[in-house]
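Enquirer: Quick one: this structure, given as structure tokens, is what I'll be asking you about.
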Number of protein chains: 2
Amino acid sequence: MKLALVGIGKIALDQHLPALKSSPDWDLAATVSRRGTVDGVEAFTDLTTMLEARSDIGAVSLCLPPVPRFDAAQAVLRAGRHLMLEKPPGATLAEVHALCNLARAQGVTIYATWHSRMAMAVGAARDWLAGRTVQEGRITWREDVRKWHPGQDWIFEAGGMGVFDPGINALSILTEILPQPVRLLSADLDYPANRQAPIAARLQFSQNIAADFDFRQQGPQTWDMEFRTDGGRMALRMGGNRLEIDGRPVQGGDDIMGEYPALYARMAALVAAGESDADLAPMVLVADAFTLGRRNIVADFHF
Amino acid sequence: MKLALVGIGKIALDQHLPALKSSPDWDLAATVSRRGTVDGVEAFTDLTTMLEARSDIGAVSLCLPPVPRFDAAQAVLRAGRHLMLEKPPGATLAEVHALCNLARAQGVTIYATWHSRMAMAVGAARDWLAGRTVQEGRITWREDVRKWHPGQDWIFEAGGMGVFDPGINALSILTEILPQPVRLLSADLDYPANRQAPIAARLQFSQNIAADFDFRQQGPQTWDMEFRTDGGRMALRMGGNRLEIDGRPVQGGDDIMGEYPALYARMAALVAAGESDADLAPMVLVADAFTLGRRNIVADFHF
């Protein structure tokens, strides 16, 4: 099946292109980007032009920041094409509800992807937690925004999500593996004095689960989740790629390149089955954190 | 049917008690409040005690602020009683999803009320807009927090909603009367330097609809919505109680005391039918405003 990739930036080059190259399902038939191109693939700078020119392309994958994503997503669905969305699927919940309604009306697939749910050990973690009761959970998600989003000022603008851009990956895993849904009880959000989105956040959830998100981590990066249950201890490390039970490694490795190939395989399966997948639970928890959060002003941040 | 009222504060005294006194459906059989009581009605200070002592009471109406509301709501549902919630139905979206799931599992009614939807002219406004296209909308919701919430510091705490406490009334009307759902495009939120919730907000929605919420209005209070459509102009004034078409008053008056009786009548109908009603659209728009909003710091506020 032919697919167009919209937004040829860092995540497209790092993850989407390698995944598409190795995909048995998808043929990258066009790109749309103001500047970026891919060797040997027809390049457009305007989405509407591409949709009109290439009626042979049945699916579009969007790798745009959340704020400009809606207009593009709406254009894709209105043109009757299947739609795959990078996380988060939009800047607001209401707009994603609107996209889901539009996809349903158009009879096409919408897939709101959460790449971290495809990390190697997430399925095994979910299976292990099933039937157990969580007594305590601790999420530590600390990475260096300068390394992963160099110079991307949009991430600290209003609606850019700040530290929730990586933090929502943790929440996408949490909402996938827990036997019972969590609620947010309180949140502390640290805003740099010169920015409109938080650079760090501490969240307290029900089930005695706490999260510590920080975008200022230098040196080793940490993407860990640790749980104490009535049936032992479990830890997911490396962003869901390594599983430990009672301190003993049982699954996983260092290869984090399997997530996007799994997303594209799932997209192909959804299109083939005529189904959609748009679970907004991680995004609801982020909206709840912004609604409920106590705001603290911290030092200016400059890339 | 017997009902207990929990939280005997300003809104309970001003609205719930008169509505219950005139209700043909409900008998106020108990109150739960730290301090407040109602003459001639058994008074409890603890919800759990009331639920255990009064198994004859089948429904509970909660008039607590949003943050402490969840634990009480959960206790009511776990005790197998029907539940009616003041607006907003919770401090977070995830907790209201959890309450809805619990009500379904328990086989009882949950009713997330939006009293402004019961204002006299809202139904007529919805009927008039049906089949018309909105070209422009302007919402002005300006009231004096010192008059309506005297000394209620919780309203400016994290999760207290600030100006969205009245603003969500406007959004509950908007989402009720529009033929097409709206999305939030941008938001400006004014936070007093000494508070954790906004005192004013300016919102821009799709369909060329803008809202101006302000909690610092002295003198005349304004709760107006004006729409220009392809079929003429419409205005809803006095919080949904007066309808004007093309500048001419066509319905309504000054009596705003019909909203809560209508809520209790609807609650009785829901219980009788074994149904629930929990439309979160107004709350989603508020969560979206907190997520997407640009924060401005303004002068300290003191009651």
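Enquirer: Does the stretch B:59-172 come out rounded, prolate or oblate, given a ≥ b ≥ c as the square roots of the eigenvalues of its C-alpha gyration tensor, rounded meaning a/c under 1.5 and, failing that, prolate meaning a/b above b/c?
Expert: Numbers: a/c = 2.33, a/b = 1.32, b/c = 1.77.
The shape class here is oblate.
Enquirer: Shifting gears a bit: Checking buried surface per residue: for the stretch A:278-301, which residues lose a minimum of 20 Å² accessible area in the protein assembly relative to the chain alone (1.4 Å probe)?
Expert: Listed by number, the residues meeting the 20 Å² cut-off are A:Val284, A:Ala287, A:Asp288, A:Phe290, A:Thr291, A:Leu292, A:Arg294, A:Arg295.
Enquirer: At 1.4 Å probe size, with the rest of the protein present, what percent of the exposed accessible area of the stretch A:151-303 is carbon and sulfur atoms? Intermediate values should be presented prior to the final figure.
Expert: On the way: 2730 of 5720 Å².
On the stretch A:151-303, the fraction of accessible area on carbon and sulfur atoms equals 48 percent.
Enquirer: Return the single residue from B:Pro89, B:Pro220, B:Pro24 with maximal mean-square fluctuation; model: Gaussian network over chain B, springs between Cα atoms under 10 Å.
Expert: Largest GNM mean-square fluctuation: B:Pro220.
Enquirer: For A:Lys147, give me every one of the lysines with a C-alpha distance below 17 angstrom, ignoring sequence neighbours fewer than eight places off in its own chain.
Expert: Those lysines meeting the cut-off are A:Lys10.
Enquirer: DSSP loop trypsin sites (Lys or Arg not before Pro) in the stretch B:6-46 with at most 15 other Cβ atoms within 10 Å of their Cβ, which ones?
Expert: Details: sites: B:Lys10, B:Lys21, B:Arg34, B:Arg35; in loops: B:Arg34, B:Arg35.
Passing both the DSSP loop test and the Cβ count: B:Arg34, B:Arg35.
Enquirer: In peptide B:178-184, what is the residue-averaged number of other protein chain Cβ atoms found within 10 Å of each Cβ? Could the numbers behind the result be given before it?
Expert: Details: counts 0, 0, 1, 5, 3, 11, 6.
Across B:178-184, the average partner-chain Cβ count within 10 Å equals 4.
Enquirer: With unit charges on the beta carbon (Lys/Arg positive, Asp/Glu negative), name the residue among A:Ala121, B:Thr113, A:His302 whose Cα is farthest towards the positive pole of the charge dipole of the protein assembly as shown.
Expert: With unit charges placed on the Cβ atoms, the residue in question is A:His302.
Enquirer: How big is the charge dipole of chain B about its Cα centre, in debye rounded to the nearest 20, if each Lys and Arg gets +1 on its Cβ and each Asp and Glu gets -1 on its Cβ?
Expert: Working: 30 positive and 36 negative charges, 53 e Å.
So the dipole magnitude of chain B works out to roughly 260 debye.
Enquirer: Separate question: Enumerate the calculated ³J(HN,Hα) couplings along the stretch B:190-204 in order (Karplus 6.51 cos²θ - 1.76 cosθ + 1.60, θ = phi - 60°), each rounded to whole Hz, writing x wherever the residue is Gly or Pro.
Expert: Calculated HN-Hα couplings, in order: 9, 9, x, 4, 9, 9, 10, 9, x, 9, 8, 8, 10, 10, 10 Hz.
Enquirer: Could you tell me what a quarter of the Cα convex hull surface of the stretch B:2-112 works out to, in nm² with one decimal place?
Expert: Details: hull surface 25.2 nm².
Mean shadow area of the hull around the Cα atoms is 6.3 nm².
Enquirer: So the label point sits 7 Å from Cα along the Cα-to-Cβ vector; using that for B:Arg294, what distances do you get to the other copies, in nanometres, sorted shortest first?
Expert: Inter-copy label distances (nm, one decimal, shortest first): 2.8.
Enquirer: Here is a further query. Report the Stokes-Einstein translational diffusion coefficient (µm² s⁻¹, integer) for the stretch B:180-303, Rh taken as the Kirkwood radius over Cα pairs, at 10 °C with viscosity 1.306 mPa s.
Expert: Working: Rh = 17.5 Å.
The Stokes-Einstein estimate is 91 µm²/s.
Enquirer: Oh, and also: What's the center-to-center distance, using Cα atoms, between the stretch A:207-264 and the stretch A:266-303 in Å?
Expert: 18 Å
Enquirer: Here is a further query. Once amide H atoms are built 1.01 Å from N in the peptide plane, which residues 5 or more positions from A:Leu185, or in another chain, come under 5 Å H to H?
Expert: Placed amide hydrogens put A:Gln204, A:Phe205, A:Ser206 under 5 Å from A:Leu185.
Enquirer: State the Cα centre-to-centre distance between the stretch A:65-105 and the stretch B:118-178 in whole Å.
Expert: Cα centres, the stretch A:65-105 to the stretch B:118-178: 27 Å.
Enquirer: To one decimal in nm, how far is B:Pro249 from the same spot in the other copies, if labels go 7 Å from Cα toward Cβ? Please give the shortest first.
Expert: Spacings between copies for this position, smallest first, are 7.8 nm.
Enquirer: Right, next: Kindly write out, for the stretch A:289-299 in residue order, the coupling ³J(HN,Hα) from the Karplus curve 6.51 cos²θ - 1.76 cosθ + 1.60 (θ = phi - 60°), rounded to whole Hz, with x marking Gly and Pro.
Expert: 3J(HN,Hα) across the stretch A:289-299, in whole Hz: 5, 5, 6, 9, x, 7, 9, 10, 9, 10, 4.
Enquirer: Next up: Report the residue, chosen from B:Arg142, B:Arg242, B:Arg216, that carries the largest GNM mean-square fluctuation when chain B is represented by alpha-carbon nodes joined by springs under 10 Å.
Expert: B:Arg216
Enquirer: Do the sum for the protein assembly as shown: with -39,500 (n - 2.57) for every DSSP H run of n ≥ 4, divided by all residues, what is the mean residue ellipticity at 222 nm, to the nearest 500 deg cm²/dmol? Working shown, then result.
Expert: Working: 18 runs with 184 residues, N = 606.
Mean residue ellipticity at 222 nm (helix-derived): -9000 deg cm²/dmol.
Enquirer: Next up: Could you compute how much accessible area chains B and A hide from each other, both sides summed, with a 1.4 Å probe? Nearest 100 Å² is fine.
Expert: Values: alone 13240 and 13260 Å², together 23940 Å².
The summed interface area works out to 2600 Å².
Enquirer: Counting only heavy atoms of protein chains, what accessible area per residue, in Å², does chain A have with a probe of 1.4 Å? Could the numbers behind the result be given before it?
Expert: Details: 11980 Å² over 303 residues.
Per residue, chain A has 40 Å² of solvent-accessible surface.
Enquirer: Which order do you get for B:Lys2, A:Lys87 if you rank them by accessible area with a 1.4 Å probe, largest at the top?
Expert: Values: B:Lys2 80, A:Lys87 20 Å².
Accessible-area ranking of B:Lys2, A:Lys87, largest first: B:Lys2, A:Lys87.
Enquirer: Determine the dipole magnitude for the stretch B:2-112: charges of +1 sit on the beta-carbon of Lys and Arg, -1 on that of Asp and Glu, nothing else is charged, the reference point is the Cα centre, and the result goes in debye to the nearest 20. Provide the component values of the computation, followed by the final result.
Expert: Values: 11 positive and 11 negative charges, 40 e Å.
Rounded to the nearest 20 debye, it is 200 debye.
Enquirer: Still on this structure, I have one more. Given H placed on each backbone N at 1.01 Å, which residues far from B:Ile209 in sequence or on other chains put an amide H within less than 5 Å of it?
Expert: Hits under the 5 Å cutoff: B:Gly137.
Enquirer: Using protein chains only and a probe of 1.4 angstrom, how many square angstrom of B:Glu157 are accessible, to the nearest 10?
Expert: 100 Å²
Enquirer: Measuring from a point 7 Å out along Cα→Cβ, what nm distances, shortest first, does A:Gly107 have to its partners in the other copies?
Expert: Between copies, matching label points for A:Gly107 lie 4.1 nm apart.
Enquirer: Same structure, new question: Got a number for the accessible area of A:Leu203? Probe 1.4 Å, square angstrom, nearest 10.
Expert: 10 Å²
Enquirer: Apply the Karplus parameterisation 6.51 cos²θ - 1.76 cosθ + 1.60, with θ equal to phi minus 60°, to every residue of the stretch B:54-60 and state each ³J(HN,Hα) to the nearest whole Hz, in sequence, with x for glycine and proline.
Expert: 10, 5, 7, 8, x, 9, 10
The values are calculated or read from the model by the stated rules, or taken from the named source; none is laboratory data. Remember, predicted model here, so these are calculated numbers, not experimental data. FYI the Cβ positions are ideal-geometry reconstructions off the backbone, even for glycines, and counts take in every protein chain you see. Note: accessible area is taken over every heavy atom of the protein model, side chains too, but ligands, DNA and RNA are not part of it. Shrake-Rupley method; radii C 1.70, N 1.55, O 1.52, S 1.80 Å.
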